[in-house]
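**Student:** Here it is, the structure in full.
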Amino acid sequence: MRTACSPTPHFVTLRGAVAGLLGLLLKSKRRWGVGMANRLRSEDLSCPLSTTARQVGEWWTLLILHDAFDGYTRFDEFQRSLGISSSMLTTRLKALVDDGLLERTQYQDRPPRYEYVLTELGRSLRPVIITLAAWGNERLAAEARTMILVDARTGEEVEPVVVDRATGRRVDGPDFVFTSGPAASEAMRKRYETDRTA
């Protein structure tokens, strides 16, 4: 089952495109040690990067979301696609439902069967998945890429970039910086009030 905006089956695996990124994360985790979470700074607790990583920064979670964007909705579809254990898949699907990214709905009464459909919040993650895949592909030769993003009408490969909605300017350059927001903690405000150029 695939959605109208899904890529063709030739481009459906996320494993190759984000393996580099996830590999770096795993190496970093081993290098920093498992106690890293116990040494988080106070500003990390409210940082949008930290909260997002806690929700979707795990290997299986990203792959489940990728399959969901490709139209998979049922437990057996996810399991067959990913080769994941039933217990791990159950845990990850429950977490995605609890976080409001997937909705669990019953589609069969006897026996009870459920499907997992992306919510509006879940669908809003598609640009994130696309950007992660693009980041992974940038580090590969063109012939080594297992998945690419293409224009669904023409089949031409496209390059995703992140731009400001109002101006259309790319935001990945030095002209755009993070600063504390209206709900920032004192620690977060101090982080951005510090003159790092001094």
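The values are calculated or read from the model by the stated rules, or taken from the named source; none is laboratory data. In this text the structure is predicted, and so the values were computed from the model without any measurement. Using ideal geometry, Cβ is built from the backbone for each residue, glycine included, and neighbour counts are taken over all protein chains shown.
**Student:** Just need a number here: residues in the range 156-185 that are surrounded by 10 or more Cβ atoms within 10 Å (Cβ to Cβ) and touching a residue at least 12 places away in the same chain (Cβ under 8 Å).
**Tutor:** Count: 9.
**Student:** Filter the range 59-75 down to the residues that are part of a helix (DSSP H, G or I) and in contact with a strand residue (DSSP E or B) (Cβ under 9 Å, 6 or more places away or on another chain), then identify the one that is farthest from Arg123 (Cα to Cα).
**Tutor:** Applying the first criterion (part of a helix (DSSP H, G or I)) to the range 59-75 yields 59-69, 75.
Retained after the next criterion (residues that are in contact with a strand residue (DSSP E or B) (Cβ under 9 Å, 6 or more places away or on another chain)): 64-65, 68-69, 75.
Details: Ile64: 13, Leu65: 9, Ala68: 9, Phe69: 8, Phe75: 19 Å.
The extreme case among them is Phe75.
**Student:** Here's another thing I want to ask about it. Residues that are assigned by TED's automatic domain parsing to the domain that holds Asp67 and part of a loop (DSSP other than H, G, I, E, B): does the range 183-195 have at least one? Before the answer, list the steps.
**Tutor:** Here is the first cut: in the range 183-195, the ones assigned by TED's automatic domain parsing to the domain that holds Asp67 are none.
No: the range 183-195 contains no residue that is assigned by TED's automatic domain parsing to the domain that holds Asp67 and part of a loop (DSSP other than H, G, I, E, B).
**Student:** Is there a residue being closer than 27 Å to Asp172 by Cβ, within 12 Å of the chain's Cα centre (by Cα) and outside any loop (DSSP other than H, G, I, E, B) anywhere in the range 89-112?
**Tutor:** no
**Student:** Would you confirm, using the coordinates I've provided, whether Glu115 is assigned by TED's automatic domain parsing to the domain that holds Leu49 and either of a type outside the set (Gly, Ala, Ser) or at positive phi (or both)?
**Tutor:** Yes; evaluated as a whole, the condition is true for this residue.
**Student:** What's the number of the only condition in (1) surrounded by fewer than 16 Cβ atoms within 10 Å (Cβ to Cβ); (2) at pLDDT 90 or above; (3) part of a loop (DSSP other than H, G, I, E, B); (4) of a type outside the set (Phe, Trp, Tyr) that Ile84 fails to meet?
**Tutor:** (1)
**Student:** Scan (1) without any contact (Cβ under 8 Å) to a residue 40 or more places away in the chain; (2) under 16 Å from the mean Cα position of the chain (by Cα); (3) part of a loop (DSSP other than H, G, I, E, B); (4) surrounded by 12 or more Cβ atoms within 10 Å (Cβ to Cβ) for the single condition Met147 breaks and write down its number.
**Tutor:** It is condition (1) that Met147 fails.
**Student:** Looking at Gly83, is it out of contact with any strand residue (DSSP E or B) (no Cβ under 6 Å at 6 or more places or on another chain), without any contact (Cβ under 8 Å) to a residue 60 or more places away in the chain and assigned by TED's automatic domain parsing to the domain that holds Ala133?
**Tutor:** yes
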